Amino acid sequence: MGTEATTIMAEHGTALPNGTVSWSTPPSTDCPWPEDWQWLLRALPAFLWFLTIVGILGNSFVLSVWCFHKSRSTVAEIYLANLAAADLLLLCGLPFWAINTANKFHWPFGLILCKIINSFLVINLYSSIYFVVMVSIDRYLALVKTMSLGRLRQPRYAKWNCFVIWVSALLLCFPPLAFRSLKGVEGYEGMACVLDYPSVFQWTIITAILLNTVGFLIPVCIITYCSVQIIQALQNRDIQKIKTIQTEKKATILVFAVLLLFIICWLPFQVTTFIDMLYQIGVISGCDVEQGIIVASQIAADCGFINSCLNPIVYVIVGKHFQRKCKEVYFGRVLRRPSSAPSMTTMEIPRISFSADNQRKKSAASLSPKHNLLIS
């Protein structure tokens, strides 16, 4: 990839689709993309195409299992299905970024797609983390607040929560929708899809703070609190004796795996976003720092993209309930056991047994007069 293309990327923020890094600053040809890392840009298109194929196949498979299985989805499955949909949205944008990179950052798809495609990552970032938050809250209600707040674990509430998350994510993607534009760059043929903030200093700080706080710190605090409470509840010996809790425990292991994977994959991106903000406001400076931010941000974003491909693999390996549903959908094996379905909470078990006892008593009462008449 030529020096001109890498300079354009470094100066105008066209390498990363989110555009939160410092490459939308005024041109500074003194700090182009480091020569030692040229191989990364050359390998990037093939890597993005690989993630697209693997990720779309995996997430489509996950959604097909949950959509076509004849049993009703649990609350956790509703959130995880929406997480898979958010991952699909991001993966559908990767081919455009792959072509853009291979095309030396000349954007051939027009202004509308420049705005929409570059909004996909922002939507995915905010929606994914809050779907993960809702899954951890669901586990918290199932294992810690079963008796007091267990009634909140209903599919209709989960669907409304998902709707609110999607709408909020759309509102938070305003910057790329408003400020992405096609611009020609001096000494470079073609039009680049760049972030053209009216005030680079202010908008960079606003987007970085939103991403770090609303998009990461607040959700991680909620997830951490729920996780600590869940672990303490699972260590309670009295709770461990309840059969339904054991079922919920198996589902919780899958949730913890998804949580840990998400944080590991997206933490580098959040860190580089914060470091870039420090560079923008002048806390740190220097050509070496700028080049380090450029390379680190690209690698961090790639790590985040990988998360969208790994989630389906986690479901298949860790999710025992998902494995059973997969066999039923694709191999026609009827393995369901209604008494151990994870959608049944510990509150529902005594309620069902109590109703059954009442029904038996009513039946006995209605039969007793007839029985007496037959005896007489």
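The values are calculated or read from the model by the stated rules, or taken from the named source; none is laboratory data. Model, not experiment: these values are computed from the prediction. So basically every Cβ, Gly included, is an ideal-geometry build from the backbone, and we count neighbours across all protein chains shown. Quick note on the areas: whole protein, heavy atoms, side chains included, nothing else; ligands and nucleic acids left out. Shrake-Rupley method; radii C 1.70, N 1.55, O 1.52, S 1.80 Å.
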Checklist outcome for this item: Across (1) in a helix (DSSP H, G or I); (2) in contact (Cβ under 8 Å) with a residue 60 or more places away in the chain, Ser181 clears everything bar (1)
Item to check | Pairs where the first residue, in the stretch 63-76, is closer than 18 Å to Asn161 by Cα and the second is at pLDDT 85 or above and basic (Lys, Arg), C-beta under 9 Å, 6+ apart | outcome: Ala76/Arg139
Next on the checklist: When you scan the stretch 79-92, do you find a residue that is more than 18 Å from Val258 (Cβ to Cβ), open to solvent by less than 60 Å² (accessible area, probe 1.4 Å) and part of a helix (DSSP H, G or I), even just one?
Outcome noted: no
Checklist entry - How many residues does the stretch 279-323 contain that are in contact (Cβ under 8 Å) with a residue 60 or more places away in the chain, of a type in the set (Val, Ile, Thr) and in a helix (DSSP H, G or I)? => result 8
Checklist entry - Looking at Cys31, Cys67, which is the one that is out of contact with any Phe, Trp or Tyr (no Cβ under 9 Å at 6 or more places or on another chain), modelled with pLDDT under 90 and surrounded by 15 or more Cβ atoms within 10 Å (Cβ to Cβ)? => result Cys31
Item to check | Subset of the stretch 262-315 (residues that are more than 24 Å from Thr204 (Cβ to Cβ) and either more than 19 Å from the chain's Cα centre (by Cα) or loosely packed, with under 15 Cβ neighbours inside 10 Å (or both)) | outcome: Ile264, Ile313
Checklist outcome for this item: Output for Cβ contacts, cut-off 7 Å, separation at least six or different chains, first residue over 17 Å from Ala84 (Cα atoms) in the stretch 156-172, second aromatic (Phe, Trp, Tyr) and surrounded by 11 or more Cβ atoms within 10 Å (Cβ to Cβ), reads Ser168/Tyr126; Leu172/Tyr126
Item to check | Of the criteria (1) open to solvent by 50 Å² or more (accessible area, probe 1.4 Å); (2) in contact with a strand residue (DSSP E or B) (Cβ under 6 Å, 6 or more places away or on another chain); (3) among the polar types (S, T, N, Q), which one Asn118 fails | outcome: (1)
